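Asker: Dropping a structure here in structure tokens format, bear with me for questions.
The values are calculated or read from the model by the stated rules, or taken from the named source; none is laboratory data. As the structure is a computational prediction, the values presented were derived from the model and not from experiment. Virtual Cβ from ideal backbone geometry, glycine too; neighbours counted across all protein chains shown. Please note that ligands, DNA and RNA were not included when accessible areas were found on the heavy atoms of the full protein model with its side chains. Shrake-Rupley method; radii C 1.70, N 1.55, O 1.52, S 1.80 Å.
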Amino acid sequence: MKSAPITIVGAGLVGALLATLLAQRGFKVIAFERRPDPRKAGFLGGRSINLALAERGWHGLRLAGMQQRMQPIAVMMRGRMVHDLAGHTNLQRYGRDDSEVIWSVSRGALNMALLDAAEAAGATIHFDQRLDAVDWKTSTLHFRSEDDRSRAFQVGTILGTDGAGSALRSAMAQEADLGERFEPLGHGYKELEIPALGNFPPGRLPAHLGDALASGERYAMEPHALHIWPRGNYMCIALPNAEGSFTVTLFLPNTGEPSLESVATAAQARAFFERDFADAVPLIPDLEKDFVGNPTGLLGTLYLDRWHIGGRALLLGDASHAIVPFHGQGMNSGFEDAVELADLLEATPDDSADVYAEFERRRKPNADAIAAMALENYVEMRDRVDDADYLLMRELDLLLAQRHPGRWVPRYWMVTFSRVPYATAFERGKVQSTLLRQFTSGKQALADIDFDQADRVIRERLDPLPTSG
Ligand code: FAD
Ligand code: E1W
């Protein structure tokens, strides 16, 4: 054993990956998780919630040796399928070919795979242990289980991966000023289900899908896309699940018209969907039940000035930088945290104070950058992907990427398909966005653009993107 044991609070996505990476590097790892073990019988049958996994996330999974297990149950998404009010669809590809795609994975399946990996690497995980309080004087963690029994553990250094509502963060805030600020988005979300074709209730399968089912098709819409219904101030999205269903998420303001306040009853939900998402309605047989029965999710951005207390405790993932989900990078960025911390601790196993300070120094600018880009992407997704100016800029963005490979790199590409630091993607994205607006100002089509002049400006304003890793 290389050094003192490490305690992890929260064995969700980031905590379980971190436990795996640290155990693989020879650390003794003990993790505590509030929920019962999801791999035990009784868990199956809940709602299926999925997440978009991109290059940063895959990188972490590859280091943990998990690609083989996850790849077969990940559904490829080649682009965004935009659904207009008339129900017409248009696929906007994310990348140049099928190597530049993102993947829809089940949160439950991913969490279970990560727990298996952590234990296989030698980590110990205690389930049904909710962190309740921390006694900083004696370095004791107090946990409580569902049957209300409490347990206390004396620990060494503590890593907090207990999510946006982190109990460790609350305990740390009693010991030191973390400079915490939560900025609510003012919008929330609701999840609904589009079943696999074979699982529609009797008589509810839309007529136009009868042939699809008969021919063995499992999906009610194109499976290899992230579906988006942009509607100005709000939107729906849908991601495919491996078994043939889709999870639909409605993002809507909390107040105003329409809002989660004004659309509250089953009848209001149906009327709202009939008006704004008509093509999706026949595909959601339990619309009313899902809408009224599923909880409303809250959204916002969490900023902390400090992520650690000396070498005693450090927060990672959503616990230190929860963001809005509109770039699909919350888990991906949390996995990047786990990789960075595992590398730093491996290099300097016995100086956690130094490692945590260096971790914060490296990661905080990137956390701030993805937080900002995720907020911007909400406006882009819900309001702009359908409009003519935007489409011209997008066309030019892609064309300039071909004319200036390695120099003009679309921001979405840097965030999603590379491991370029988020802060770099954000900065270069600002330059490119300003130039795109200049080049397309007053223009209707690519043919109207002066490319010789554009090329000169680009070479002057953008250095080649450093290639790494
Ligand atoms: P969590 O996943 O929240 O895990 C925290 C763990 O700690 C849980 O297991 C919890 O039970 C446990 N815990 C909590 N409190 C305690 C306690 N007191 N004691 C012990 N254990 C505790 N990200 C993407 O990359 N791609 C996406 O497509 C995407 N889509 C999203 C869609 C929505 C609607 C939302 C809300 C988020 C989305 N995200 C996405 C973000 C992603 O869900 C989070 O960033 C990710 O789950 C963070 O992982 P985490 O391990 O830090 O926290
Ligand atoms: C992705 C919840 C979620 C997850 C995502 C994305 C979006 C919109 C949302 C961003 C995107 C994958 N995005 N999609 N198309 N353009 N940008 O790339 O994860 Cl709402």
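Asker: Before I look further, what does the stretch 315-437 give for accessible area per residue, probe 1.4 Å, in whole square angstrom?
Answerer: Ligands and nucleic acids excluded, the figure is 37 Å² per residue.
Asker: Here's something else I'd like to know. Using amide H atoms built 1.01 Å from N in the peptide plane, name the residues 5+ places from Ser3, or on other chains, whose amide H lies under 5 Å from its own.
Answerer: For Ser3, whose amide H was placed from the backbone, the distant partners under 5 Å are Lys28.
Asker: In addition: Which whole-number value in Å² is the accessible area per residue of the stretch 89-159, probe 1.4 Å?
Answerer: So the stretch 89-159 comes to 50 Å² accessible per residue, rounded to a whole number.
Asker: To continue, here is another question. Using a cut-off of 10 Å between beta-carbons, work out the net charge of the residues near Glu360 (Lys and Arg +1, Asp and Glu -1, Glu360 not included).
Answerer: Local charge sum for Glu360: +3.
Asker: Right, another one. Give me a comma-separated list of calculated 3J(HN,Hα) values for the stretch 241-251, in order, Karplus coefficients 6.51, -1.76, 1.60 applied at θ = phi - 60°, integers in Hz, x for any Gly or Pro.
Answerer: 9, 4, 7, x, 8, 10, 9, 9, 10, 8, 10
Asker: Would you mind estimating how fast the stretch 1-121 diffuses translationally, via Stokes-Einstein at 20 °C and 1.002 mPa s with the Kirkwood radius over Cα pairs, in µm²/s?
Answerer: Result for D is 132 µm²/s.
Asker: At 1.4 Å probe size, with the rest of the protein present, what percent of the exposed accessible area of the chain is carbon and sulfur atoms?
Answerer: C and S fraction of accessible area: 50 percent.
Asker: Checking a compactness column here: for the stretch 389-469, what do you get for Rg(Cα) / (2.2 N^0.38 Å), N being the number of residues?
Answerer: Here the answer is 1.06, to two decimals.
Asker: Residues of the stretch 6-34 with the amide nitrogen closer than 18 Å to a label point 7 Å from the Cα of Glu146, along Cα-to-Cβ, please.
Answerer: 10-12, 32-34
Asker: Once you have the Kirkwood Rh of the chain from its Cα pairs, apply Stokes-Einstein at 10 °C and 1.306 mPa s and quote D in µm²/s.
Answerer: 67
Asker: While we're looking at this one, here's another question. Using the Karplus equation 6.51 cos²θ - 1.76 cosθ + 1.60 (θ = phi - 60°), what ³J(HN,Hα) coupling, rounded to whole Hz, does each residue of the stretch 28-35 give in order, writing x for Gly and Pro?
Answerer: After applying 6.51 cos²θ - 1.76 cosθ + 1.60, I find 7, 10, 10, 10, 10, 10, 4, 7 Hz.
Asker: Under a Cβ-Cβ cut-off of 10 Å, what is the net charge of the residues other than Arg419 that fall near it, where Lys and Arg count +1 and Asp and Glu count -1?
Answerer: Around Arg419, the surrounding residues sum to -1.
Asker: Between the stretch 407-469 and the stretch 53-72, what's the alpha-carbon centroid distance in Å?
Answerer: 29
Asker: Right, another one. Beta carbons within 10 angstrom, averaged per residue: use that to sort the peptides 361-367, 131-137, highest first.
Answerer: Listed from highest to lowest mean packing, they are 361-367, 131-137.
Asker: Shifting gears a bit: Which percent, to the nearest 5, of DSSP beta bridges fully inside the chain are antiparallel?
Answerer: Looking only at bridges with both residues in the chain, the antiparallel portion is about 75 percent.
Asker: Among DSSP beta bridges whose residues both lie in the stretch 1-114, state the antiparallel percentage, nearest 5.
Answerer: Of the beta bridges lying entirely in the stretch 1-114, close to 75 percent run antiparallel.
Asker: Amide H of Thr348: which non-local residues (sequence gap of 5 or more, or other chain) have their own amide H closer than 5 Å, using H built in the peptide plane?
Answerer: none
Asker: Something else about it: What helices does the chain hold that run 27 Å or longer along their axis, going by alpha-carbon atoms, with a Kyte-Doolittle average of -0.5 or more, using DSSP H for the helix calls?
Answerer: Membrane-span-like by this criterion, though nothing is claimed about a membrane: 352-379.
Asker: Order of 196-202, 284-290 by packing, highest average Cβ count within 10 Å first?
Answerer: 284-290, 196-202
Asker: Under the rule a/c < 1.5 gives rounded, and otherwise a/b versus b/c splits prolate from oblate, where does the stretch 180-241 land using the Cα gyration tensor?
Answerer: The shape class here is prolate.
Asker: Same structure again: Is the shape of the stretch 109-202 rounded, prolate or oblate, going by the alpha carbon gyration tensor and its root eigenvalues a ≥ b ≥ c, with a/c under 1.5 for rounded and a/b larger than b/c for prolate?
Answerer: Taking the square roots of the gyration eigenvalues as a ≥ b ≥ c, the stretch 109-202 is oblate.
Asker: Classify the stretch 303-447 from the C-alpha gyration tensor, please: rounded if a/c falls under 1.5, else prolate or oblate depending on whether a/b exceeds b/c.
Answerer: prolate
Asker: Sort out for me the Cα centre separation of the stretch 162-209 from the stretch 260-323, rounded to whole Å.
Answerer: 5
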